[in-house]
1. Count neighbours as other Cβ atoms within 10 Å of each site's Cβ, and list the chymotrypsin sites (Phe, Trp or Tyr not before Pro) in the stretch 399-480 that are DSSP loop with at most 14 such neighbours.
2. Going through the cross-link list K425/K504; K365/K463; K426/K463; K365/K504, which pairs have a Cα-Cα distance over 23 Å in this structure?
3. If each residue's Cβ is checked for other Cβ atoms within 10 Å, how do M186, M234 rank with the fewest at the top?
4. Based on the mean of other Cβ atoms within 10 Å per residue, sort peptides 289-295, 505-511, 420-426, 260-266 so the most packed one is first.
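Values quoted throughout were computed directly from the atomic coordinates according to the rules given, and no laboratory measurement underlies them. If you're wondering where the values come from, they're calculated on a predicted model, not measured in any experiment. All Cβ positions, glycine included, derive from the backbone under ideal geometry; neighbour counts span all protein chains shown.
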Amino acid sequence: MNEFKIRSAALEPSTFDAENRTVSVVFASNAPVRRTDLDGAYQERLDMTQAAVDLSELIGGPVLNSHNRSDVNAVLGVVESAQVDGERGTATIRFSERATAVMNDVRQGILRKLSVGYVINQRRAEKDSTKGMRTITATRWTPKEISFVAIPADSAAKVRGEMMDHTNENEIRVIAQIAGLQADDMIARNLTLDQARAEAFEAIKRRSGSPIRTAQPISLAAGYDDPVFLRTAMADAIYTRINPVHKPGDAARPFVGRSMVRLAEEVLRLRGIEIIGLSDGAIVDRALHSTSDFPLLLGDVANMVLQEQMSAAPAAIKQICRQTTIPDFRNRYSIQLGQAPTLMKVNENGEFKSGTIAEGRESYKLDTYGRIFGVNRQAIVNDNLSAFSDIGRLFASASAQFEAQFLVDLITGNNGVGPVMSDNKKLFDAAHSNLAASGGAISDTTLAAARLALRSQKGLDGKTPLDIAAKFLVVPAALESTAEKYLASIYPAQAANVNPFAGKLTLVVDPRLDAKSATRWYVAADPVLFPSIEYAYLAGNEGVQVETRAGFEVDGVQIRARLDFGAGALDFRGVYANPGA
């Protein structure tokens, strides 16, 4: 990875030779320099041994004005000699006669700031065990030029020059495109990122004709040096092509319409990775294997498709369950408080009498489920977006099917009577007063009995009525038409023929119930008011999560779907089962 970089150098005015128009400089040392890449902050060190530094391009190379490589008038002189001693590199520079004014400022100590431009050919990465920061040592590197600069770009550290490297140049191009400015002009003037952002902001402000709210500049200024921000913008742009109804954010607009190969190219440019002369296939290969950014970008796209698909087709059985999150994989214990003791009149001395509250406990835990799928390299090179839309659809469908089957298996376990509760009885049990004494088809009589059973449930003290209202009628697909007839609103000529259940119950049909029993049906309360079944995700990972990496088993990118999910029965009082007939 040949990345053009710069760092400050030291001028030694005492070595100035007026006759020969020369002065000595320290162009580099092995002192650490703090830098940032797409993986965060790190310390960069230069190996200053003779074996590590290739001086062939520096000796005879140019002395520039502020790293301006595009204008011959910016050449102030030449590097006559250079050497390293293991700790620092020194050089003698000779000024051009055209640069007499600059030379006089150097002699008088007015110009003091120097910066060296160099390319790292080989590097070694380590991690500081005490500070926890990465250290990258340039074990083979080539200095290219030395520049006089007014102020280093990093004014706080006083160690870095103002040269516009590949990353800054690309970020300025993105900023210019958003603002409708000429990127080449901004680059030729050697603007810093902050200066480019300020000019772009002013240009947008002038075009709008009205004040721009100061709360909004993040869409322009903040983030273009943030890899997560850029990755999100690119993913938003790709998703717009998959789903034309989607409206991209302002940050995504420069990338809308670009193919995945061109986005891979942009990712490589932002990392300063050379792409000149590479074919589309080679660009994709390098983007997949040189950085983690491109695989993560593709994962963001798949995740956006996934979330949209999941929200469009929720599992019907979830309607009778309460959703929550759990912070870890330990057992979750849900405590149901019994009804408070009956209130008693406070006596004339203001004394409140004590009472007790009964408690019951049920538990379940999360487990992790997942699969890995691959998108091959050809699909990426061919800009085949259907690969990602198909994977998102399949993952969403698989996740919804899995969660629904999990809940159905929980409710219908043990031959249809559900899991064992903390009282050592099944969820549906005659002792719980939530199981019909004998099976019966859906009718006025059986529905009335189910609704009465919920209304009659007692609190944990066994005495206080809970007055639970039935809200859902849950049936297998085989009973859908029958259930609809009993829940339909009809307008009879006689009062005796009025349907008492019209508009009172919401029908939930789940075909997974048919495999367990084509006749069994259920009535359930509103899980918000009285939860009986609960399902949960790991906190911060609600729903299926997508992760990506460059493929090893496949020639492309691997996408892993992971689901941290669990469910359990909390209370038998809010559900009722009838085996049917």
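1. Working: sites: F402, F406, F428, F472; in loops: F428.
Loop-located and lightly packed - none at all.
2. Numbers: K425/K504 30 Å; K365/K463 31 Å; K426/K463 21 Å; K365/K504 34 Å.
Checking Cα-Cα distances, K425/K504; K365/K463; K365/K504 exceed 23 Å.
3. Numbers: M186 21, M234 27.
Ranking M186, M234 by Cβ neighbours within 10 Å, fewest first, gives M186, M234.
4. On the way: 289-295: 19.9, 505-511: 17.7, 420-426: 14.6, 260-266: 21.7.
Order by mean packing, descending: 260-266, 289-295, 505-511, 420-426.
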